[in-house]
Structure formats: C-alpha cells, structure tokens
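Since the structure comes first, as structure tokens, the remarks are kept for the end.
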Amino acid sequence: MARNITPREKDYSQWYLDVIKAAEMADYAPVRGCMVIRPTGYAIWESIQSQLDERFKETGHVNAYFPLLIPNSFLEKEAKHVEGFSPECAVVTYAGGEELEEPLVVRPTSETVIGHMYSKWVQSWRDLPILINQWCNVVRWEKRPRLFLRTSEFLWQEGHTAHATREEAMEETLRMLEVYRSFMEEVLALPVIVGEKSEGERFPGAENTYTCEAMMTDKRALQAGTSHFLGQNFSRAFDIRFQNKEGELEYAWTTSWGASTRLIGAIVMTHSDNDGLVLPPNVAPVKVVVIPISPDQSRLQDKILPEAKNILERLKKALGRDQVILDTQFHMRPGDRFFYHLQRGIPLRLELGEAELASSRLRAVRRDTTEVINISLDAVDREVPKLLDDIQGNLLERARTFREQNTYQVNSFEEFKEALNEKGGFIKACFAGTPEDERAIKEATTATIRCFLLDDSTERTCFYTKKQGGRMAVFAKAY
RNA sequence: CGGGGCGUAGCGCAGUUUGGUCAGCGCGCCUGGUUCGGGACCAGGAGGUCGGAGGUUCAAAUCCUCUCGCCCCGACCA
C-alpha cells in the first residue's frame, strides 16, 4: 500500500490530489487557480489530443487558430452569452504602456471571434458547411479551483461549425456528441451517459446543449464533454448570412463542441486506486515498462540487460516506438522501481530477473488487478497486446458496473431524497418541472439534472410536480 | 463572496496558551557501507532572515495591527 497517498475512503479529494502529486502529473502555479501540467500529465493530454484530433479529421474537420484576445464588444453582441460568461472573464485594460480604448477579454470560449470571422468568410451556400476546430487555452476565472477539474486557465479543443440548414447543424451537434462518447469509452475506458442539458445548465447562447456525463468513484457526476446546437443565435449576432440556391439571404446555423484537460481528472477519478494512478492502455503514453533486476551488477549488465533490450525492441515493433520503456534506474531497489511505475499508472510491468532468465519466462504484473502472469519469452509480442486489450476492457467494464450499481430509479420526491442521501450516485426520474422546480430541488438536495436521456420517448408522471409528459432525467451531485 | 482552518527546511509537522537555552522532529535529499523480486538498514552530512510589513519589549516563531497566500465547506463553472 502506498504510504504517500491518503486512502480514497478516508478523504476523497485529498486522495485525488495525492494521486496527481505522486504521479507528478501537475503542480500548483504561482497564480492562484492556475496549474502547471508536468511532463507525465502533459503526455496524457497529448495522447488524448492526437486521438481525438484523428476522429475530428475523420469526420471532416480541419484545425485553425483564432486569437486569445477578444474585443469586449464582441461578447456583448449575444445577450445570454455575455450574461453567462462575464463573471468569469479576465480582461486586459492596459497594454503597450497605455490604457486601451476598448478592453480586451481573454477568451473564455471563442464563439464570438469565430462568428465575426465566419461572417466574412460566408457569402454563398457553397461556402457551407465550415467545419473548423481549434486546440487552445481558455481562461475562466474560478473561485474554487481544483487540479484538472476546475482551473482558471485550461487547455481544450473547441469545434465551431456553420451550416446551411437547421437539420444539418443538428446532425453535426449529435455527430460530435457521438464522437466524444465513443472516444471516452474506447480510449479513456470512461462509460458516459449522453443526454440533453436542462434549460438552466445550457451553454450561454445555445438553443440546446448535449453532454457526456460520467460517474466518478465518489459517485458524483462529471461533465466530460459538451456539444451545442447554437441555432441562429450567433449568426444573427455576428451576421453570418449566405445566399441560398434560390438567391435568398439566410442566416447560417452553427454548432460548437468542446472537451478539455478535465478529462485527465476524469481518468484519475474513474480508474485510480490507493496505490496511485491507473491508466487505460489506450490513453497511456507508455503502456509497458520492462524492468531488468538482479542483485549482481555484472550478471545484470552481461546477461539480463541484453535480454531486456531484446524484449524492448520486440515490443516496440509490436506496440509502437514510444509505448514501451526500459527501466534502468539501477541505483534503486526493485521495490522502489516497481512503485515508481505503479504510481505513474503504467498498465503493464514486465519483470526480468534471474528466475525469468532461467525459465525463459517473463513476470508480467497488471496495474489494474495486480494480477501476476508468466509469459513465455517467445510469446511476448503476441501476449502483451492481448493483455493490454484485456486491461482496457476490464477497466471499462469495472467502471460501467460501478455506475450501474449506483444508479437508481425513483417515482417520488421522497424516494428521490432517500436514494440520494442513503445511496448517492445517479438517480433517474421522470421530470416535467420548470427551471424553478429544478432550482428548488437543487436547494433541497444539492443534486442537479445532469441531463435528459435522448432515447426516452415514453411520457410519464413527473416525480416532483406529478404533471404528465415528463422526460427521463438523470440527477446527481456534480463536480 | 460568506463560514471554518492554516502559513516554521523540498514535503508533513511540534513549538505560540505562559516572550528568554526553541531553531526542533519525521520523511525526503547528499556521502559511505551493508542490502536488493511490492516502498531497506546503519553511520555521517547539507538545508530555515519561523508567509510579508509595521509595532510593543532589554529580548518576538511566540504579544498587537495591517497585509499576502493556501486548504476545507457553501453560492458560480469545461
């Protein structure tokens, strides 16, 4: 058991911080609310970035870059947008040695600048759709920051598209929601519930917001990615108009969608344990570590190390160059070296010592189950990828089971409160109330509507108002 | 922004009530040795203007005032 990590059941948020610290993923920056993403953490982000980017490209998107600073007046063009974001905006008023004529907002998101540019780029229906994504940082001033989950500056990706028809834009919104869902499940081993946000939780300026909601191991919900159908709100505000085939001027229909470094927090809170970080193989920057061991330095150098290098090369061919590393920290004792990689979440550890050399077998230890498997040396190229797949599958299954076991369905407010207080987790209930009802529920229980389920067509009685025609909602305490 | 806690070595803390032999402990770090398959042990060593600024006093980590920052719980959020 790790001695530098507070047990999860004792203090969840301390455990979370300890895991991040032990894995050296991040550190606090001198400015409150800001964080430094250290190489181990950043490598995870790069892994997320490259794999998501590939999926964006596959669905026809291209990358571009829009500026960090946005004229304050841009934000003000969309009433709800400015209302939603102004409390958390950082504003530059002084630059170049003098007061600026117009304050510049450090982007909290880029709908406005991008809307401005799109209005210049779009004239004809032939210019549509525009399918652009950008990878960047944004600033949203936070009162209560938490590493990866809520920091004043964070890294993310924001897709912004413009379309000729409402249908096309809606299709895009849902397509990207699905890209997020499949990425989260297949790569991050993060089972998510997709759905539609309630009016109160909607993106400021959106007509509709769709979300991927995940359950952390403390049974709280985490919004892991969102996709917004913006209707014509931003194209009206920024005059994105095009001439259709009939020669008439029409406003374009836009969407936006984003996922952030918060996903790293989600990985930590979904898979890690009291020994530290656990990474699903598909997102792990390093999937396998080979650890040559021997108390005898000359045996180590002459016999064991060469064999370890041989295995390393074979695994590099089987898995990819950077996916496997050789541990040569010979000044450390084996236990220390095991812990070093354990706490960094490397999915599979391969030990090679005297015993293995003698038996022509490797000792493989799974990070997810601590299970030990002996692999014959000739079979590593075959067995290791299989094991990694198995680990990936196990982590997803484990998370899914946990979520299912902590999801309850209720029919009355009494049951709702009881389930929430005694069990926690996700609570499914049919809801037909107003935003005021939602607020009242939140005040009474601190739980909020995470989303309305998309595939729900049956109309039932609302658990709260007893009105007919409600939709199935998932409630939870959220991050 | 409200409520609570806390700033002393890289990290975690004791010391503050009762001002003076209080510059200390554990971990980590460095050196040497013995060890070595889930976090070793012994010996020696480096490291701090006690968050900052004023003040009280012969004397301040300790008392007073102001200030900065952090953590936890609430309202706001990817």
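Which residues, taken from region A:259-309, are part of a loop (DSSP other than H, G, I, E, B) and aliphatic (A, V, I, L, M)? Within region A:259-309, A:LEU277, A:VAL278, A:LEU279, A:VAL283, A:ALA284, A:VAL286, A:ILE293 qualify. Contact map, region A:316-333: first residue under 14 Å from A:GLY353 (Cα atoms), second residue surrounded by 11 or more Cβ atoms within 10 Å (Cβ to Cβ) and basic (Lys, Arg), Cβ cut-off under 9 Å, separation 6 or more or different chains; pairs are A:LEU326/A:LYS309; A:ASP327/A:ARG337; A:ASP327/A:ARG349; A:PHE330/A:ARG337. For region A:396-415, the candidate set comprises residues that are at pLDDT below 95 and in a helix (DSSP H, G or I); within that set, the residue that is surrounded by the most Cβ atoms within 10 Å (Cβ to Cβ) is A:PHE413. I need every pair where a residue in region A:347-359 that is touching a residue at least 60 places away in the same chain (Cβ under 8 Å) has its Cβ under 6 Å from the Cβ of a residue that is in a strand (DSSP E or B) and within 7 Å of RNA strand B (Cβ to nearest atom), sequence separation at least 6 or different chains. Pairs that qualify, where the first residue is touching a residue at least 60 places away in the same chain (Cβ under 8 Å) and the partner is in a strand (DSSP E or B) and within 7 Å of RNA strand B (Cβ to nearest atom), are A:ARG349/A:VAL365; A:GLU351/A:ARG363. Can you tell me which residue in region A:420-450 is farthest from RNA strand B (Cβ to nearest atom), limited to those that are of a type in the set (Asp, Glu) and surrounded by fewer than 18 Cβ atoms within 10 Å (Cβ to Cβ)? Ranking the candidates gives A:GLU422 first.
Taking the criterion of being in contact with a helix residue (DSSP H, G or I) (Cβ under 8 Å, 6 or more places away or on another chain) and away from RNA strand B (no atom under 16 Å from the Cβ), the residues of region A:451-479 that qualify are A:PHE463, A:TYR464, A:THR465. Among the residues of region A:149-158, those identified as within 17 Å of A:THR226 (Cβ to Cβ) and near RNA strand B (Cβ under 8 Å from one of its atoms) are A:LEU149, A:ARG150, A:PHE154, A:TRP156. Put simply, of A:GLU185, A:GLU178, A:GLU171, A:GLU101 the only residue that is surrounded by fewer than 19 Cβ atoms within 10 Å (Cβ to Cβ), in a helix (DSSP H, G or I) and either assigned by TED's automatic domain parsing to the domain that holds A:GLU397 or over 18 Å from the mean Cα position of the chain (by Cα) (or both) is A:GLU171. Kindly establish whether A:ILE264 is over 26 Å from the mean Cα position of the chain (by Cα), within 13 Å of RNA strand B (Cβ to nearest atom), crowded, with 16+ Cβ neighbours inside 10 Å and in contact (Cβ under 8 Å) with a residue 60 or more places away in the chain. Considered against the rule, which asks whether it is over 26 Å from the mean Cα position of the chain (by Cα), within 13 Å of RNA strand B (Cβ to nearest atom), crowded, with 16+ Cβ neighbours inside 10 Å and in contact (Cβ under 8 Å) with a residue 60 or more places away in the chain, A:ILE264 comes out as no.
The values are calculated or read from the model by the stated rules, or taken from the named source; none is laboratory data. Note that the coordinates shown come from a computational prediction; the quantities given were computed from them, not determined experimentally. Using ideal geometry, Cβ is built from the backbone for each residue, glycine included, and neighbour counts are taken over all protein chains shown.
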